[in-house]
Amino acid sequence: MRKTTPRKSTPRRKSTKKSAFLRRTGVYLFGLLLTLVIAAAGYHYRTGLAYYLGFKSHKVSKLRKEVTEQEKRLVDIRNYQLLNKYEGNAVGLDVSQYQETIDWSQVRVAENTFPLSFVFIRATLGKDKTDLQFNRNWFGSKRNKILRGAYHYYRPNENSIEQANNFIRTVKLEVGDLPPVLDIEKLPEEQSIDSLKKGLRRWLDKVEAHYGVKPIIYSGEKYYNTFLREEFAGYTFWIANYNFYVEEISQDWTIWQFTESASVKGIGCDVDLNIYNGSPEMLQELRIR
């Protein structure tokens, strides 16, 4: 009798049921996590969302070309949320010729809700330039009874004393106005950082000697931390930080510029908005006496 060789059994395929289950579970968990994140963000910004979706009846600002409707909507929500959080603080704006012709008789509140207490107005740039809307804004804000201040845009590659003289020629500060402001944002192209700091110091000293009050320094947070924080520690700082996730005013900042895309009636485009690190009553202590 012939001995037959038993056939090898065909190996069974591993069941795909388990891997399919794991995939479905992973997708479900990811979806759940995403939903929770969105829900948490919605809850965190619930005040701003309620305002934007339910109560904001009109907008007066023109969107910048590079800002989409969706981005602008998120900015509006953040603006409202922060302003609501710091409702007891003084809120102000800063303007220049980029806001074109402002109807100062209508400039009362930001985002249709929050009273405006102060304004900083660009006066001069470099050694020989004047903001085209300075006089109109300077006297218009005064007539509208908004506490006003003037700032100079510093050009690192131009003579600091000539820049100080340009500001002094242009701006006639009065008792009750805010101190002069030095706006420094750019790095020099033709000099060292040490030379830049010497130039800034010369501008500050010259302007302080003329007006009898210590100027305020404006800059971005990174510039401030890297070049200004230690060397100019005795000055009042006005810091720009538009980071969407920053919601607290640093103790080092007297004024926080938290957005460049706010809406203010009477101004036909987006405008910078600032929160003072104190109440409107405390802001009065900054005024020239």
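The values are calculated or read from the model by the stated rules, or taken from the named source; none is laboratory data. Here the structure is a predicted model, which means the values were calculated and not measured. Here the Cβ positions follow ideal geometry from the backbone for every residue, glycine too, while neighbour counts run over all protein chains shown. Heads up: the accessible areas ignore ligands, DNA and RNA and are worked out on the full protein's heavy atoms, side chains in. Shrake-Rupley method; radii C 1.70, N 1.55, O 1.52, S 1.80 Å.
If we keep just the residues of region 92-108 that are part of a loop (DSSP other than H, G, I, E, B) and at negative phi, which is surrounded by the most Cβ atoms within 10 Å (Cβ to Cβ)?
Taking region 92-108 as the starting set, the residues that turn out to be part of a loop (DSSP other than H, G, I, E, B) are 96, 100-103, 107-108.
This time we only want the ones that are at negative phi, so: 96, 101-103, 107-108.
Details: SER96: 21, THR101: 13, ILE102: 24, ASP103: 12, VAL107: 21, ARG108: 15.
Residue satisfying both the conditions and the ranking: ILE102.
Report whether or not ILE267 is open to solvent by less than 30 Å² (accessible area, probe 1.4 Å) and more than 24 Å from ARG136 (Cα to Cα). Outline the logic, then answer.
Numbers: open to solvent by less than 30 Å² (accessible area, probe 1.4 Å): yes; more than 24 Å from ARG136 (Cα to Cα): no.
Judged against the criteria, ILE267 is not a match.
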Pairs where the first residue, in region 216-228, is more than 15 Å from PRO156 (Cα to Cα) and the second is open to solvent by less than 20 Å² (accessible area, probe 1.4 Å) and small (Gly, Ala, Ser), C-beta under 6 Å, 6+ apart: GLY220/ALA240
List pairs: first residue in region 139-168 and more than 24 Å from LYS198 (Cα to Cα), second residue open to solvent by 60 Å² or more (accessible area, probe 1.4 Å) and not in a loop (DSSP other than H, G, I, E, B) anywhere in the structure, Cβ distance under 9 angstrom, at least six positions apart or on different chains. GLY140/SER105; ARG143/SER105; ASN144/SER105; ASN144/GLN106; LEU147/GLN284; ARG148/LYS142
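Any idea which residue in region 114-141 is surrounded by the fewest Cβ atoms within 10 Å (Cβ to Cβ), counting only those that are assigned to a strand (DSSP E or B) and hydroxyl-bearing (Ser, Thr, Tyr)? Outline the logic, then answer.
Quick first cut of region 114-141, residues assigned to a strand (DSSP E or B) only: 114-115, 118-125, 129-130.
Applying the additional criterion that residues be hydroxyl-bearing (Ser, Thr, Tyr) yields 124, 130.
Details: THR124: 25, THR130: 17.
So, considering only residues that are assigned to a strand (DSSP E or B) and hydroxyl-bearing (Ser, Thr, Tyr), the one surrounded by the fewest Cβ atoms within 10 Å (Cβ to Cβ) is THR130.
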Assess whether GLU111 counts as being modelled with pLDDT under 95 and buried (at least 18 other Cβ atoms within 10 Å of the Cβ). yes
Limited to region 229-240, what total is found for residues that are without any contact (Cβ under 8 Å) to a residue 24 or more places away in the chain and open to solvent by 20 Å² or more (accessible area, probe 1.4 Å)? 4
If we keep only residues of region 186-227 that are farther than 30 Å from VAL175 by Cα and either aliphatic (A, V, I, L, M) or assigned to a strand (DSSP E or B) (or both), then the residue least open to solvent (accessible area, probe 1.4 Å) is LEU196
